[in-house]
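Novice: Handing you this structure, nothing more for now.
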Amino acid sequence: RITVLRADEILDSRARPTLSVTVGLAGGAVGHAGVPSGTSLGRREAVELRDHDPTRFLGQGVSLAISHVNGEIADALHGRDFTDQASLDQALIDLDGTPDMSRLGANALIGVSMAVARAAAARWGRPLWEYLAPESVTPALPVPHFTVVDGGLHAANPLDLQGFMIAPFGARNMTQAVRAGAEIYGRLGRHLAGAEGSHGVARLGDEGGFAPDLSGPEEILRLLVRTIHEAGYQPGRDGVAIALDVAADAIRRPDGRYLVNGEKLTSEDLIARYRQITADFPVYSIEDPLAEDDRTGWAQLTRELGGRVRLVGDDLFATNPALIGRAVDEGIANAAVIKPNQVGTVTEALRAIAVCRHAGYGAMVAHRSGETEDTFIADLAVGSGCGLFKAGAPARGERVAKYNRLTHIACRHSELDYGPGQ
Ligand code: PGA
């Protein structure tokens with residue numbers, strides 16, 4: 001039974017306000033949650049409620065969403081008993097009553113959903129990842145994807161692509177994976193600051209990756225391959241693979257072309273570029289390679305590269321189980337990013353992962369560019385056994401908190417396997 005529900009306004013990693021939600025249950029169990037926030041937003045994401053009052057936090061305040069938690073949502077949930085997370089989340093969806101959660105705010109709803117899950121796990125006396133694990137699934141430690149270079153909307157450098165990640169597939173366990181990530185990140189920082197000249201290495205992007213004054217994707221890929229080698233690892237799926245996050249909606253111009261490093265590319269040109277990049281470099285995965293409404297391009301790309309490259313939909317799916325299901329039918333993409341705040345409840349995020357699993361699609365549980373110290377997504381990745389995880393660089397507190405949570409889980413639960421799973 002819910003006895004306490006309250007929200008407060010805290011800061012995220014970009015100095016913007018967000019919600020901290022606390023839930024108390026009869027018997028004393030308590031759960032907290034910090035709500036993340038994105039920049040490169042999919043058009044189909046559930047709506048994050050902001051105050052738009054220019055006199056507070058540059059219009060970014062969330063006092064309205066907080067008043068919804070402390071008022072209407074608390075009134076509706078107070079004293080109620082929920083048998084499981086799904087029924088609580090359904091009550092939140094029903095209470096909001098809109099298809100995009102724009103009335104009460106997806107930031108309000110996901111905060112409550114996450115905090116209730118934590119409180120329920122505490123009452124049960126088990127770790128959060130165990131509470132989140134669906135019955136038919138074997139929990140496992142995911143392969144972390146560390147952002148080492150930031151660009152696009154996440155950084156003030158000339159790089160059009162949003163993120164370059166390294167993924168230690170060949171690591172034997174989480175401890176080794178984290179070590180590989182930190183060693184390569186550290187070495188890359190030295191390169192960017194040292195012999196390569198000063199490429200603005202002191203500057204980091206929103207995800208904690210370096211934001212060098214470089215613009216050519218191939219130039220960065222060459223440097224990454226060299227750095228992985230020098231750090232003593234094998235570039236590629238047997239060692240440390242490279243993953244891209246293009247966030248193609250942000251580089252799409254009104255005429256439908258994509259702007260990459262000063263060049264205007266058609267969808268076909270960009271697909272040709274990906275063909276070349278994935279042949280020349282150990283790039284095993286590309287997230288949002290094309291814009292969310294470029295479905296013809298997506299289908300062509302999936303036909304051409306889907307057999308050997310992970311093509312991950314983020315803005316394309318907005319963690320929405322129905323949108324993933326539709327893409328499966330159309331033969332678009334072969335993996336989805338899972339960001340619980342895009343869809344507004346924990347249950348919907350778990351459903352999205354289940355849809356991926358049944359379709360043979362990969363699922364990558366992920367952070368947002370605006371994060372708090374909350375580590376919920378680490379537990380979600382382990383409990384759902386999704387196999388793939390990204391939380392930014394192995395640096396900056398709000399990112400490191402998630403990786404450290406994975407390390408803690410790994411150290412305490414040697415029964416959990418490490419790896420990408422399906
Ligand atoms: P976003 O990006 O939170 O700005 O959408 C984060 C990511 O996809 O890594």
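The values are calculated or read from the model by the stated rules, or taken from the named source; none is laboratory data. In this text the structure is predicted, and so the values were computed from the model without any measurement. Glycine gets a Cβ as well: all are built from the backbone with ideal geometry, and neighbour counts include every protein chain shown. Surface accessibility is based on the protein's heavy atoms, side chains included, excluding ligands, DNA and RNA. Shrake-Rupley method; radii C 1.70, N 1.55, O 1.52, S 1.80 Å.
Novice: Output yes when any residue across the range 169-179 is within 16 Å of the ligand (Cβ to nearest atom), open to solvent by 10 Å² or more (accessible area, probe 1.4 Å) and assigned to a loop (DSSP other than H, G, I, E, B), and no when none is.
Specialist: Going through the range 169-179, the residues within 16 Å of the ligand (Cβ to nearest atom) turn out to be none.
No - not one qualifying residue is present in the range 169-179.
Residue by residue, here is whether (1) of a type in the set (S, T, N, Q); (2) within 28 Å of Asp255 (Cβ to Cβ); (3) in contact with a strand residue (DSSP E or B) (Cβ under 7 Å, 6 or more places away or on another chain) holds:
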{"residue": "Gln276", "(1), (2), (3)": "yes, yes, no"}
{"residue": "Pro282", "(1), (2), (3)": "no, no, yes"}
{"residue": "Asp288", "(1), (2), (3)": "no, yes, yes"}
{"residue": "Val312", "(1), (2), (3)": "no, yes, yes"}
{"residue": "Ala335", "(1), (2), (3)": "no, no, yes"}
{"residue": "Gly344", "(1), (2), (3)": "no, no, no"}
{"residue": "Ile353", "(1), (2), (3)": "no, no, yes"}
{"residue": "Val365", "(1), (2), (3)": "no, no, yes"}
{"residue": "Asp374", "(1), (2), (3)": "no, no, yes"}
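Novice: Still on this structure, please answer the following. Is it the case, given these coordinates, that Ile166 is at pLDDT 95 or above and either in a helix (DSSP H, G or I) or over 21 Å from Val400 (Cβ atoms) (or both)?
Specialist: On the way: at pLDDT 95 or above: yes; either in a helix (DSSP H, G or I) or over 21 Å from Val400 (Cβ atoms) (or both): no.
No.
Novice: Six or more apart or on different chains, Cβ atoms under 6 Å: show the pairs whose first residue is in the range 234-263 and within 16 Å of the ligand (Cβ to nearest atom) and whose second is outside any strand (DSSP E or B) and small (Gly, Ala, Ser).
Specialist: Ala247/Ser40; Ala247/Gly152; Ala248/Ala291; Asp249/Ala291; Ala250/Ser40; Ala250/Gly152; Arg252/Ala291
Novice: What single numbered condition from (1) within 13 Å of the ligand (Cβ to nearest atom); (2) open to solvent by 10 Å² or more (accessible area, probe 1.4 Å); (3) part of a loop (DSSP other than H, G, I, E, B) fails to hold for Gly307?
Specialist: (1)
Novice: Anything in the range 343-360 that is of a type in the set (A, V, I, L, M) and open to solvent by less than 10 Å² (accessible area, probe 1.4 Å)? List them, or say none.
Specialist: Taking the range 343-360 as the starting set, the residues that turn out to be of a type in the set (A, V, I, L, M) are 343, 346, 349-350, 352-355, 359.
Scanning the range 343-360 gives Val346, Ala349, Ala352, Ile353.
Novice: Do the conditions hold for Arg14, that is, is it under 26 Å from Gly152 (Cβ atoms), without any contact (Cβ under 8 Å) to a residue 40 or more places away in the chain and basic (Lys, Arg)? Write out each step before concluding.
Specialist: Values: under 26 Å from Gly152 (Cβ atoms): yes; without any contact (Cβ under 8 Å) to a residue 40 or more places away in the chain: no; basic (Lys, Arg): yes.
No: the conditions fail for Arg14.
Novice: Got a sec? Which of Ala363, Ala391 is buried (at least 23 other Cβ atoms within 10 Å of the Cβ), within 12 Å of the ligand (Cβ to nearest atom), modelled with pLDDT of 95 or more and small (Gly, Ala, Ser)? Write out each step before concluding.
Specialist: Values: Ala363 fails: within 12 Å of the ligand (Cβ to nearest atom).
On inspection, the qualifying residue turns out to be Ala391.
Novice: Then there is this: Which of the residues belonging to the range 20-43 are open to solvent by 40 Å² or more (accessible area, probe 1.4 Å), under 24 Å from the mean Cα position of the chain (by Cα) and either modelled with pLDDT of 95 or more or of a type in the set (Ser, Thr, Tyr) (or both)?
Specialist: Within the range 20-43, His32, Thr39 qualify.
Novice: While we're on this one: Filter the range 276-286 down to residues that are free of Cβ contacts under 8 Å to residues at least 60 places away in the same chain and not in a helix (DSSP H, G or I), then give me how many there are. Can you show your working first?
Specialist: Going through the range 276-286, the residues free of Cβ contacts under 8 Å to residues at least 60 places away in the same chain turn out to be 276, 278-279, 282, 286.
Cutting the leftovers down to not in a helix (DSSP H, G or I) gives us 282, 286.
Total meeting the criteria: 2.
Here is a yes/no grid of residues against (1) more than 18 Å from His154 (Cβ to Cβ); (2) open to solvent by less than 10 Å² (accessible area, probe 1.4 Å):
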{"position": "Gly325", "(1), (2)": "yes, no"}
{"position": "Asn341", "(1), (2)": "no, no"}
{"position": "Ala381", "(1), (2)": "yes, yes"}
{"position": "Asn404", "(1), (2)": "yes, no"}
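Novice: Which residue, of Ala86, Ala46, Ala74, Ala7, is within 16 Å of the ligand (Cβ to nearest atom), in contact (Cβ under 8 Å) with a residue 24 or more places away in the chain and open to solvent by less than 60 Å² (accessible area, probe 1.4 Å)? Before the answer, list the steps.
Specialist: Working: Ala86 fails: within 16 Å of the ligand (Cβ to nearest atom); Ala74 fails: within 16 Å of the ligand (Cβ to nearest atom); Ala7 fails: within 16 Å of the ligand (Cβ to nearest atom).
That would be Ala46, the only listed residue that is within 16 Å of the ligand (Cβ to nearest atom), in contact (Cβ under 8 Å) with a residue 24 or more places away in the chain and open to solvent by less than 60 Å² (accessible area, probe 1.4 Å).
Novice: Please work out if Ala193 is of a type in the set (Gly, Ala, Ser) and either open to solvent by 30 Å² or more (accessible area, probe 1.4 Å) or away from the ligand (no atom under 16 Å from the Cβ) (or both). It would help to see each step written out before you state the result.
Specialist: Numbers: of a type in the set (Gly, Ala, Ser): yes; either open to solvent by 30 Å² or more (accessible area, probe 1.4 Å) or away from the ligand (no atom under 16 Å from the Cβ) (or both): yes.
Taking the combined requirement at face value, the residue satisfies it.
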